[in-house]
Amino acid sequence: MSLEAQSQPQPQPPSETQTEAPGDPQAQPPKQNKQLTLFVDFHIQPDQIEAFKAAHRPVWAACAAEPECLLFDVFHDAQDPAHFRFVEVWAADRAWFEACQLTKPYYAALWERSRPTWRREVVIEYFEREGEGH
């Protein structure tokens, strides 16, 4: 049997700009090498650290498992163990993140359980990758 007879047509990847409608849970970010990095700071009441972690652990795992999530890590300040910083890197831009990721159902339950542990409001910083690094 010849090699030509054994070959079958291969599926073609989606175009560079193909996406679904915003808010669609199955939506994929545009494939344009976009990356969004979030720095999320939480200041927790010192006696609520374990309650904070218990509220967040399921969401940490869910976020890390998302196909667009390139990195999700949790840090705390050695000088202030009740200060946590999440570092998240997503293969998308801020518009996609806010329309598609932040609307996932696991966030609603999280905020109800997490907010009572806070000393102050959460601070979220968004940075979009320039692509000039190595």
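The values are calculated or read from the model by the stated rules, or taken from the named source; none is laboratory data. Computed from a predicted model, the values in this text were never measured in an experiment. Using ideal geometry, Cβ is built from the backbone for each residue, glycine included, and neighbour counts are taken over all protein chains shown.
Numbers below:
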| item | result |
| --- | --- |
| Given (1) among the β-branched types (Val, Ile, Thr); (2) at pLDDT 85 or above; (3) closer than 20 Å to residue 96 by Cα, number of the condition residue 49 does not satisfy | (3) |
| Hits in the stretch 30-53 (condition: touching a residue at least 24 places away in the same chain (Cβ under 8 Å), loosely packed, with under 15 Cβ neighbours inside 10 Å and closer than 14 Å to residue 114 by Cβ) | 45 |
| Answer from 60, 111, 118, 96 - the residue that is aromatic (Phe, Trp, Tyr) and farther than 30 Å from residue 34 by Cβ | 118 |
| Count of residues meeting criterion [surrounded by 15 or more Cβ atoms within 10 Å (Cβ to Cβ) and touching an Asp or Glu at 6+ places or on another chain (Cβ under 8 Å)] in the stretch 54-84 | 5 |
| Residue 82 vs. criteria free of Cβ contacts under 8 Å to residues at least 40 places away in the same chain and aliphatic (A, V, I, L, M) | yes |
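Yes or no, residue by residue, for (1) in contact (Cβ under 8 Å) with a residue 60 or more places away in the chain; (2) surrounded by 14 or more Cβ atoms within 10 Å (Cβ to Cβ); (3) in contact with a His (Cβ under 9 Å, 6 or more places away or on another chain):
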position: 92; (1), (2), (3): yes, yes, no
position: 95; (1), (2), (3): yes, no, no
position: 103; (1), (2), (3): yes, yes, no
position: 118; (1), (2), (3): yes, yes, yes
position: 123; (1), (2), (3): yes, no, yes
